[in-house]
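Here's the structure we're looking at; comments come further down.
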Amino acid sequence: MLKKLDARGFSCPIPVMMTKKALDESPDEHLEVLVDNPTARDNIFRYAKNSGFKVEIIEAGEDFIIKITR
Amino acid sequence: MDQKKIVIFSGIAVGALAVLLTLLGNPPNMGICGACFIRDIAGALGLHRAEIVQYLRPEIPGFILGSFIISLFSGEFRARGGSAPLTRFVIGFFVMVGALVFLGCPLRMVLRLAAGDLNAVPAFFGFAAGIYYGLFFIKKGYSLGRSYKMPQGNGYIMPAFAFVLLVLAVLAPSFIFFSEKGPGSMRAPFLAALAAGLIVGMAAQRSRLCMQGGIRDIFLLRDFHLFSGFIGIFLAALTLNLAFGKFQLGFANQPIAHSMHLWNFLGMFLVGFGSALLGGCPLRQCILAGEGDTDAGMALLGMIAGAAFSHNFGIAASANGVGINSQVAVVLGIILLSFIAVSNMAFEIPVRKERNSSYAKEA
């Protein structure tokens, strides 16, 4: 199942907290997080990578989609 | 270069530049300080009349403009705002109150540690405890809400403000105050200070260097990435302080510092707590303001106001320590920010969905 999070506009560390919560709750699902700033993008990328997930980042206009899979 | 190296090198650059600026004339252990320099700017603008701390420090506009320039080039400049600006103003205000009771922002705290000033040790624990306390609310759902994209012009306001400060520093009209004695009179040459500010602004924008973020990520994610910048600042400043004979270990006779440990702890507790609620330390707010974040701009204006009131109301500490006004302001600040934190927690109200409602749909 695919789970989608919209973390646009939140200050640090809320986007990475949302991601962490979603991954803790259901680590085996595909997760897509939408963010609108490079700091949040990098934080989530680093967190997911360090936690052993596969991470792919797609630029979507001025936003970024971060695809996280087991 | 990968992110890890960028953050370490940025830290080293910041630490080294800070010590170099003291060699060029900035106050001791205060080569770079977000809080002290914002306070000096507030004084130079005549918002407070503490005669020894008035100067239009070029470093702060340098941070904002450095971040502005590099974010324009990298395409990361984006005007945004609308995430509780007035609340951020108030939080910024009290971050400054706490910093001026300790006598330094988190960056100067690291620089003081690197110069052997042990008064900064309780401050460090206070700062970390304040962040931990802030995270308690963040984990429970605290948020100041989303910011939204704005027309680009809104993002130019803070860089323009920074530019105007630089122009005023050069022209030195009679309505701008410049200290003739005290820390405000100790200045690195204008161009050196501006260049250092620009470099720090650019490096911090690229690396996302943040004193508060470094400690926060350890507590929250067991991630030492940003903290490595913190270590870089410490080691670079320590090395240069030792090399130039500026290292002096102890509590007594430290420059622009006092030894009231409880208030060093609580002052920085307030800074850590407020920075966690804002999502970044004073330096980081300058960087975000340069990138087009108008909410960070509001936090910065709050800090300028906080600095002005701190001196006007006798809240700011001095080398003699803190008075009753400082103590009341810090305690009130912690209580007020706790109230702000609680009132911005998202409470989920459980709603049960009823499929075949027995409630009448029409009157």
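Overview of values
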quantity	calculated
Degrees between helix B:85-102 axis and first principal axis of chain B (Cα, 0 to 90, nearest 10)	40
Where segment B:3-346 is the region considered: accessible area per residue in Å², 1.4 Å probe	35
Range of Cα positions in segment B:3-346 per principal axis (Å), largest first	49, 42, 41
Whether segment B:25-174 is rounded, prolate or oblate, judged on the alpha carbon gyration tensor where a/c under 1.5 counts as rounded	oblate
Area hidden from solvent between A and B (accessible, protein heavy atoms only, 1.4 Å, total, Å²)	1900
Average beta-carbon neighbours from other chains, 10 Å sphere, peptide A:4-17	6
Long pairs among B:Lys5/B:Lys181; A:Lys21/B:Lys5; A:Lys49/B:Lys139; A:Lys20/B:Lys246; B:Lys4/B:Lys181, criterion Cα-Cα beyond 32 Å	B:Lys5/B:Lys181; A:Lys20/B:Lys246; B:Lys4/B:Lys181
Charge sum, other residues only, whose C-beta stays under 12 Å from B:Met211's C-beta, Lys/Arg counted +1 and Asp/Glu -1	+3
Surface accessible to a 1.4 Å probe, B:Thr22 within the full protein complex, Å²	20
Top positive-direction residue, dipole computed over the protein assembly as shown with Cβ charges, set B:Met303, B:Ala193, B:Pro183	B:Met303
Label-point gap, in nm, between A:Ser26 and B:Glu51 - each point 7 angstrom along Cα→Cβ	6.9
Global form of the protein assembly as shown, assessed from the alpha-carbon gyration tensor, a/c cut-off 1.5	prolate
For segment B:111-260, average projected area of the Cα convex hull in nm²	12.9
Point-charge dipole on Cβ atoms (K/R +1, D/E -1) for segment B:78-146, about Cα centre, debye to 20	420
Whole-angstrom Cα spans of segment A:2-69 along principal axes, big to small	28, 21, 19
Residue range of chain B that is longest and free of trypsin sites (Lys or Arg not before Pro) which are both DSSP loop and sparsely packed (at most 14 other C-beta within 10 Å)	B:223-351
Threshold 40 Å², segment B:54-100 residues less accessible with all protein chains present than alone (1.4 Å probe)	B:Arg78
Accessible carbon and sulfur surface of the protein assembly as shown relative to its total accessible area, %, 1.4 Å	65
DSSP-loop chymotrypsin sites (Phe, Trp or Tyr not before Pro) across segment B:227-300, with at most 16 other Cβ within 10 angstrom	B:Phe244, B:Phe247, B:Phe251
Given charges at beta-carbon only (K, R positive; D, E negative), |dipole| of chain B in Debye	620
Span from the segment B:3-32 Cα centroid across to the segment B:164-218 one, whole angstrom	12
3J(HN,Hα) from dihedral phi, segment B:114-119, Karplus parametrisation 6.51/-1.76/1.60, rounded to Hz, x for glycine, proline	6, 9, x, 6, 6, 4
Complex-versus-alone comparison for segment A:32-70, residues with a loss of 40 Å² or more in accessible area, probe 1.4 Å	A:Pro38, A:Thr39, A:Asp42, A:Arg46, A:Glu62
Where segment A:2-69 is the region considered: accessible area per residue in Å², 1.4 Å probe	46
Of all DSSP beta bridges in the protein assembly as shown, antiparallel share, percent nearest 5	70
Highest-first arrangement of B:10-16, A:55-61, B:69-75, B:275-281, where packing means the average Cβ count within 10 Å	B:275-281, B:10-16, B:69-75, A:55-61
Ellipticity estimate at 222 nm from DSSP helix runs (n ≥ 4, -39,500 (n - 2.57)) divided over the protein assembly as shown, nearest 500	-19000 deg cm²/dmol
Residue (of A:Pro27, A:Ile58, A:Gly9) at the positive-pole extreme of segment A:2-69, dipole from beta-carbon charges	A:Pro27
Test item: Cα-centred dipole of segment B:117-231, Lys/Arg +1 and Asp/Glu -1 on Cβ, debye	440
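The values are calculated or read from the model by the stated rules, or taken from the named source; none is laboratory data. Since the model is a prediction, treat every value here as computed from it, not as a measurement. As a convention, Cβ positions derive from the backbone with ideal geometry for all residues, glycine included, and neighbour counts pool all protein chains shown. Just the protein is used for accessible areas: all its heavy atoms, side chains included, with ligands, DNA and RNA removed. Shrake-Rupley method; radii C 1.70, N 1.55, O 1.52, S 1.80 Å.
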